[in-house]
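Participant: I'd like to ask some things about the structure below.
Computed from the coordinates by the stated procedures, all read-outs in this text should not be read as laboratory data. Worth saying up front: this structure is predicted, and the values here are computed from it rather than measured. Quick reminder, even Gly has a Cβ in these numbers, built from the backbone with ideal geometry, and neighbours come from all protein chains shown.
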Amino acid sequence: MNIEQLRADTPAVAQLIHFNNAGAALMPTPVIETMTRHIQLEASLGGYEAAAARSTEVDNVYGAIARLINAQPDEIAVIENATRAWDMAFYSLPLQPGDVVLTSTTEYAGNYIPYLQLKQQRGIEIRVIANDEHGQVSLSALKEMLDDDRVALISLPVIATNGGPVQPIEQIGALARAAGVLFLLDACQGVGQMPIDVQKIGCHMLAATSRKYLRGPRGAGFLYVERALCQSLEPAFLDLHAASLQTADTFNIRPDARRFENWECNVAAKLGLGAAVEYALAQGIEPIWLRIQHLAQYLRQRLADIPGVTLRDLGAVKSGIVTFTHRDSSALQVQQWLAAQGKRINVSTSTFRSTLLDMQHRDLLAVSRASLHAYNTEAEIDVMIAALRQRP
Ligand SMILES: Cc1ncc(COP(=O)(O)O)c(C=O)c1O
């Protein structure tokens, strides 16, 4: 990869060290320019007129996302964030009392809460798949759980918000398909970081966000729904974009995945998401993934040498999200200390509130999270390590 170019496209790296890519990554210049141009067009032409003038570019966003995950453009909906994209899929499923949802210990609270809501409202059952010796979903445990006819859905994140394992999603997808069970994948921390191919994974639905490893703007995300499934899923919410009135008593829901969208949206953010996807594709997802894993491995090695630091990542395959605890400092103190350095270092704190099952299981309240992207460097990691060593 041309790291010089990546950094030249990311002007903020001159002022700060950004290791919060799992929160929101730094946007590259093409994304910023795409969005700025559109906001200026809206200011000079009018919002509706600007959208009409850029309708081809807006349409191309669906094609770019489809290429990123090996889907078709009509299987993509652009939605304001990953949570709402995920909700639109989840709440459309005709789950009945007694239906079982299988999830992982690494599930995100934003998804787990809806399971609990449907447990209360519809009497669904939540079952958590046991982990194997690497701390990732045990495929043999999953296989056994799938013997129960009441299992209606497998739903889990490829990478948890607090790091941990990269789940074996292709094997999970194959088991889901063999059992005839739907698979909803939360690829929020995966897209832009690692290859995500819905054909290879075999997931039926996938939700993701723009602002994390894809390096797009905030306030944008997307949902993939397999074409064969799309028309049988009735969105929990409809509007005049998702559906159209036929008579005073009847309406038609559109056939493609845009039935999960609503009419009003941030067009500049949508175009920015498209530009981010094009940018990632131009770099190559595989090289991005290799570079991120290389940097993360380097950071883990360096952290392991610091007295009092404990690495907290599990999994046979680990991601660019590096988590650790410090014997003498809380995660918040680590975050604040690093932010107060001459050249600010952004890391974040991940608490049990985001990933309760996993953190409870490991008896952790909070971890420090340094999430790396391809534009980061070993030299930046060295600066962070030196700062951690100097912590009083
Ligand atoms: C694994 C995972 N899923 C879902 C989300 C929610 O994404 P969004 O904030 O875009 O709704 C996050 C955000 O941190 C996440 O880490």
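Participant: For segment 155-244, which chymotrypsin sites (Phe, Trp or Tyr not before Pro) are in a loop by DSSP, counting at most 10 other Cβ atoms within 10 Å? Let's see the in-between values first.
Facilitator: Numbers: sites: PHE183, TYR213, PHE222, TYR224, PHE237; in loops: TYR213, PHE237.
Nothing satisfies the criteria.
Participant: How would you classify segment 12-86 from its alpha-carbon gyration tensor, with a ≥ b ≥ c the square roots of the eigenvalues: rounded for a/c under 1.5, else prolate if a/b is greater than b/c, otherwise oblate? List each step's numbers first, then the result.
Facilitator: Details: a/c = 2.08, a/b = 1.14, b/c = 1.83.
The shape class here is oblate.
Participant: Right, here's the next one. Taking a label point 7 Å from the Cα of ASP149 along the Cα→Cβ vector, which residues of segment 175-195 have an amide N closer than 17 Å to it?
Facilitator: Output list for this probe position: 179-182.
Participant: Next up: Of all DSSP beta bridges located in segment 96-248, what percent are antiparallel, nearest 5?
Facilitator: Working: 8 of 23 bridges.
Just about 35 percent of them are antiparallel.
Participant: I want the local charge near GLY308. Using Cβ-Cβ distances under 15 Å, sum +1 for each Lys or Arg and -1 for each Asp or Glu among the other residues. Display every interim value, and only then the final one.
Facilitator: On the way: positive: ARG302, ARG312, ARG327, ARG389, ARG391; negative: ASP305, ASP328.
Here the count lands on +3.
Participant: May I ask for the distance between the Cα centers of segment 319-392 and segment 126-147, given as a whole number of Å?
Facilitator: Using only Cα atoms to place each centre, the spacing works out to 29 Å.
Participant: Would you tally the net charge around ASN20, using a Cβ to Cβ cut-off of less than 12 Å, leaving ASN20 out, and scoring K and R as +1, D and E as -1?
Facilitator: Spelling it out: positives minus negatives among the neighbours equals +4.
Participant: Let me ask another. Given the rule -39500 (n - 2.57) for each run of at least 4 DSSP H residues, summed and divided by the residues of the chain, what is its mean residue ellipticity at 222 nm, to the nearest 500 deg cm²/dmol?
Facilitator: Details: 15 runs with 159 residues, N = 392.
Helix contribution divided over all residues of the chain: -12000 deg cm²/dmol.
Participant: Here is a further query. Tell me the net charge near ASN131. Cut-off is 13 Å between Cβ atoms, ASN131 excluded, with +1 for each Lys or Arg and -1 for each Asp or Glu.
Facilitator: Numbers: positive: ARG362; negative: GLU107, ASP132, GLU133, ASP358.
Residues close to ASN131 contribute a combined charge of -3.
Participant: Let me ask something additional. Restricting attention to segment 337-380, which trypsin sites (Lys or Arg not before Pro) occupy a DSSP loop and are surrounded by at most 15 other Cβ atoms within 10 Å?
Facilitator: Values: sites: LYS343, ARG344, ARG353, ARG362, ARG369; in loops: LYS343, ARG353, ARG362.
When the trypsin sites (Lys or Arg not before Pro) of segment 337-380 are filtered for loop state and at most 15 Cβ neighbours within 10 Å, LYS343, ARG353 remain.
Participant: Let me ask another. Which length gain, in nm to one decimal place, applies between ARG177 and ASP382 when the Cα-Cα distance is subtracted from 0.36 nm times their residue separation? Show your work: numbers first, answer last.
Facilitator: Working: separation 205, 0.36 × 205 = 73.80 nm, distance 4.50 nm.
Here the answer is 69.3 nm.
Participant: Now a separate question. With a/c under 1.5 counting as rounded, go ahead and sort the chain into rounded, prolate or oblate using the C-alpha gyration tensor (a ≥ b ≥ c being the square roots of the eigenvalues; past the cut-off, prolate if a/b is larger than b/c, else oblate). Provide the component values of the computation, followed by the final result.
Facilitator: Values: a/c = 2.00, a/b = 1.18, b/c = 1.70.
Note, shape of the chain comes out oblate.
Participant: While we're on this one: Can you bin segment 101-232 into rounded, prolate or oblate? Criterion: square roots of the alpha carbon gyration tensor eigenvalues sorted a ≥ b ≥ c, rounded for a/c under 1.5, prolate for a/b above b/c, oblate for the rest.
Facilitator: Numbers: a/c = 1.38, a/b = 1.29, b/c = 1.07.
It is rounded, given that a/c, with a ≥ b ≥ c, falls under 1.5.
Participant: Pick out, in residue order, every one of the trypsin sites (Lys or Arg not before Pro) in segment 127-165 that is DSSP loop and has at most 16 other C-beta atoms within 10 Å; say none if there are none.
Facilitator: Values: sites: ARG127, LYS143, ARG150; in loops: ARG150.
In loop regions of segment 127-165 (DSSP not H, G, I, E or B), the sparsely surrounded trypsin sites (Lys or Arg not before Pro) are ARG150.
Participant: So in segment 29-283, what percent of DSSP beta bridges are antiparallel if you round to the nearest 5? Let's see the in-between values first.
Facilitator: Working: 15 of 30 bridges.
If I count the DSSP bridges inside segment 29-283, around 50 percent turn out antiparallel.
Participant: Pairs of lysines 8 or more apart, or on different chains, with alpha carbons under 24 Å: count those in the chain, would you? Intermediate results must be reported in sequence, preceding the final value.
Facilitator: On the way: LYS119/LYS143; LYS143/LYS200; LYS143/LYS318; LYS200/LYS212; LYS200/LYS318; LYS212/LYS270; LYS212/LYS318; LYS212/LYS343.
For the chain, the number of qualifying lysine pairs is 8.
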